[in-house]
Amino acid sequence: MSWTCHGQNNADMVDNLQKNNILTSTVAAEAMKQIDRADFVLPDTPAYVDSPQPIGHGATISAPHMHGYCLSLLSDYLKPGSAVLDVGSGSGYLTAVFALMVGENGRAVGVEHIPELVERSIQSIKKGNAAHLLETGRLSVHEGHMDKSFQTGNWLPLTRRLSSDGKLGYPDAAPYDAIHVGAAAAVVPDALVSQLKPGGRMVIPVGQFMQDLIVIDKKSDGSLKQHSEMGVRYVPLV
Ligand code: SAH
């Protein structure tokens, strides 16, 4: 499916995500069109090809179709004024799209454990249409404190695994209407669940060798409802 979502340019890529029913929110599509993926990939890397791309330090920017799926699942929770947490923010691309959606009265927080990527993501965001939200503090990216042992092993994750200490979220700006996790956790981290607002939604890949993209809805009484949206699979490192 994903090859059909390549684009000649950023707008074309977003149009193709919509045509393929991967991106089902017009508000999210407008925000994606305002954030140029080319600002977030390395120089000489194809920005509008529908696949993950290396961003250095062993990390990748997720494929446009994964960004599209996650935005579709979260768009109802990314209204103007909402608060959103992006754990494993990596390139900062999705954090910037989230920030545009929640706007000047909202709050978008990225947490990333590789300090160089935190800095690089901030520089990338400054190039584009979400820069003003960085200046006002409505958008911020923070370094998490982690152990990196998860990065070794014989499996190449499609989404990178979340290490144990990275489950802490960012309590200072909690609770959040929406939480997106861009790295797979072995189990759903309690701290993230507790930082989700009643009525809010979290999207998180869970699993070790086989992963599910889990959607967790916290109801107004605080109870949780969850389902698997789709499977994601680890492939062997070649
Ligand atoms: N949505 C991001 C995904 C980047 S890949 C993007 O499209 O750019 C996942 C990211 O999670 C990597 O940058 C990795 O460094 C980061 N990561 C992995 N474990 C983490 C943890 N415990 N805490 C914070 N970030 C983590």
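The values are calculated or read from the model by the stated rules, or taken from the named source; none is laboratory data. What you are looking at is a predicted structure, and each value in this text was computed from that prediction instead of being measured. Heads up, the Cβs are rebuilt from the backbone with ideal geometry, glycines too, and the neighbour counts pull from every protein chain shown. Accessible surface areas use protein heavy atoms only, side chains included; no ligands, DNA or RNA. Shrake-Rupley method; radii C 1.70, N 1.55, O 1.52, S 1.80 Å.
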Hey, if you put +1 on the Cβ of every Lys and Arg and -1 on every Asp and Glu Cβ in the chain, which of M66, I214, A108 ends up farthest toward the positive end of that dipole? I214
Students sometimes get this wrong: rank R201, R120, R37 by accessible area, probe 1.4 Å, all chains present, largest first. R120, R201, R37
The percentage of the accessible area of region 1-93 (probe 1.4 Å, all protein chains present) made up of carbon and sulfur atoms, to the nearest whole number, is 52 percent
When the Cα atoms of region 20-87 are enclosed in a convex hull and the volume is divided per residue, what value in Å³ results? 102 Å³
Given the candidates N21, G231, I122, the one whose Cα lies deepest towards the positive end of the charge dipole of the chain, counting +1 at each Lys or Arg C-beta and -1 at each Asp or Glu C-beta, is G231
Potential extension, E116-H227 segment - 0.36 nm per residue separation minus Cα distance: 36.5 nm
Relative to the present Cα-Cα distance, how much length would full extension add between H142 and T26 at 0.36 nm per residue of separation? 38.9 nm
Probe of 1.4 angstrom, ligands and nucleic acids ignored: what's the accessible area per residue over region 1-150, in square angstrom? 41 Å²
How much length would be gained if the chain were fully extended between N105 and K19, taking 0.36 nm per residue of separation minus their Cα-Cα distance, in nm to one decimal? 27.9 nm
28 Å Cα-Cα threshold exceeded, pairs from K19/K225; K19/K167; K167/K219; K79/K127; K33/K126: K19/K225; K19/K167
Can you give the local net charge around K126? Use residues other than it whose beta-carbon is closer than 13 angstrom to its beta-carbon, Lys and Arg +1, Asp and Glu -1. -2
Taking just the alpha carbons, could you work out the radius of gyration and Dmax for region 7-122, both in angstroms? 13.3, 37
So what is the diffusion coefficient of the chain in µm² per second by Stokes-Einstein at 10 °C and 1.306 mPa s, using a Kirkwood Rh over Cα pairs? 91 µm²/s
